[in-house]
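Enquirer: Quick one: the structure is below, and I'll ask about it shortly.
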Amino acid sequence: MLLQEFVAWTLVTLAAVTLTIAVARRFGVEVVIGVYAVLTVVANIVAVKLISVASVVAPAGVIVYAITFLITDFISEVYGKEAAKKAVITGLTANIVYLLSIYAVLQWTPAPFVGEEFERAFNQIFGLTPRIVFASLLAFAISQTNDVYVFHLIRERTSGKHLWIRNNASTAMSQLIDTAVFITVAFYGIAPVWELIVGQYLLKLLIALLDTPFLYAGVMVYRTLKPNVNVGEG
């Protein structure tokens, strides 16, 4: 995949996620939290496919997962810290339920007319490697919690000003933690860890920089749609 294609798909996904903010303004924070949880699960599902972006190898879920940090920053900015923490817990719970469900499905006997080739392909795609599952959940819990904490720490230190600073700083730091923890735990001893960390982090950092205008747009739309509601509490 060319870098231009990667950027284009990132922008399309960012725009789609930002549109959910209007729905959330009408129906509540649960909509955004729900989208956040879905994206974290989707990222794990499509991660089995590896892509190459300008010679950098990364899981196909890199765009979807990286954008979840935009959502937690938006929730933090508009709904407050407690709502953001609730989103992280919801995402973690959703992934645990997903993994348990997949494990159960893998144990079931397929229908008699299902071919062996299809069954083998299904098991190969959705087969769970305990080490990778543990690495994924650990990286998720640490990095997403850190994102919420750092975002609000910077928000307090800057008296609520300079949204772009807390957005980029919290996301960049959290993405580094996520990438380092996941790849080290999942692939140490079996793959070139350092190269994987550097390559994937650069892609995630690019996404983090691209999401800033969308965060501003989302917050502006949210406040414009219902300006009489106090935001940023919690």
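The values are calculated or read from the model by the stated rules, or taken from the named source; none is laboratory data. This structure is a prediction, so every number in the text was calculated from the model and none was measured. Heads up, the Cβs are rebuilt from the backbone with ideal geometry, glycines too, and the neighbour counts pull from every protein chain shown. Please note that ligands, DNA and RNA were not included when accessible areas were found on the heavy atoms of the full protein model with its side chains. Shrake-Rupley method; radii C 1.70, N 1.55, O 1.52, S 1.80 Å.
Enquirer: Would you be able to tell me the number of residues in the stretch 107-146 that are at pLDDT 85 or above and within 21 Å of Phe182 (Cβ to Cβ)?
Expert: 13
Enquirer: Return a yes/no flag: does the stretch 207-216 have any residue that is open to solvent by 20 Å² or more (accessible area, probe 1.4 Å) and without any contact (Cβ under 8 Å) to a residue 24 or more places away in the chain.
Expert: Looking through the stretch 207-216, at least one residue is open to solvent by 20 Å² or more (accessible area, probe 1.4 Å) and without any contact (Cβ under 8 Å) to a residue 24 or more places away in the chain.
Enquirer: Right, another one. Out of everything in the stretch 1-48 that is in contact (Cβ under 8 Å) with a residue 12 or more places away in the chain and outside any helix (DSSP H, G or I), what residue ends up being most open to solvent (accessible area, probe 1.4 Å)?
Expert: Filtering first and then ranking leaves Leu2.
Enquirer: Next question. Would it be correct to say that Arg166 is of a type in the set (D, E, K, R), within 27 Å of Leu19 (Cα to Cα), more than 14 Å from the chain's Cα centre (by Cα) and buried (at least 19 other Cβ atoms within 10 Å of the Cβ)?
Expert: In short, yes.
Enquirer: Got at least one residue in the stretch 130-150 being within 19 Å of Val46 (Cβ to Cβ), of a type outside the set (Gly, Ala, Ser), open to solvent by less than 50 Å² (accessible area, probe 1.4 Å) and in contact with a strand residue (DSSP E or B) (Cβ under 8 Å, 6 or more places away or on another chain)?
Expert: no
Enquirer: To continue, here is another question. Met173 versus (1) out of contact with any Lys or Arg (no Cβ under 6 Å at 6 or more places or on another chain); (2) closer than 18 Å to Val88 by Cα; (3) open to solvent by less than 60 Å² (accessible area, probe 1.4 Å): which is the lone unmet condition?
Expert: Tallying (1) out of contact with any Lys or Arg (no Cβ under 6 Å at 6 or more places or on another chain); (2) closer than 18 Å to Val88 by Cα; (3) open to solvent by less than 60 Å² (accessible area, probe 1.4 Å), Met173 fails exactly one: (3).
Enquirer: Okay, next question. Just the residues that are closer than 28 Å to Val78 by Cα and not hydroxyl-bearing (Ser, Thr, Tyr), please, taken from the stretch 170-201.
Expert: Listed by number, the residues that qualify are Ala172, Met173, Gln175, Leu176, Ile177, Asp178.
Enquirer: Suppose we filter the stretch 188-206 for residues that are part of a helix (DSSP H, G or I) and farther than 11 Å from Val57 by Cβ; how many remain?
Expert: 9
Enquirer: Hand me the list of helices (runs of 4 or more DSSP H) wholly inside the stretch 55-148 holding 2 or more residues that are of a type in the set (Gly, Ala, Ser). Quick ask: steps written out before the conclusion?
Expert: Details: elements: 62-78, 81-107, 116-126.
Helices (runs of 4 or more DSSP H) meeting the threshold: 62-78, 81-107.
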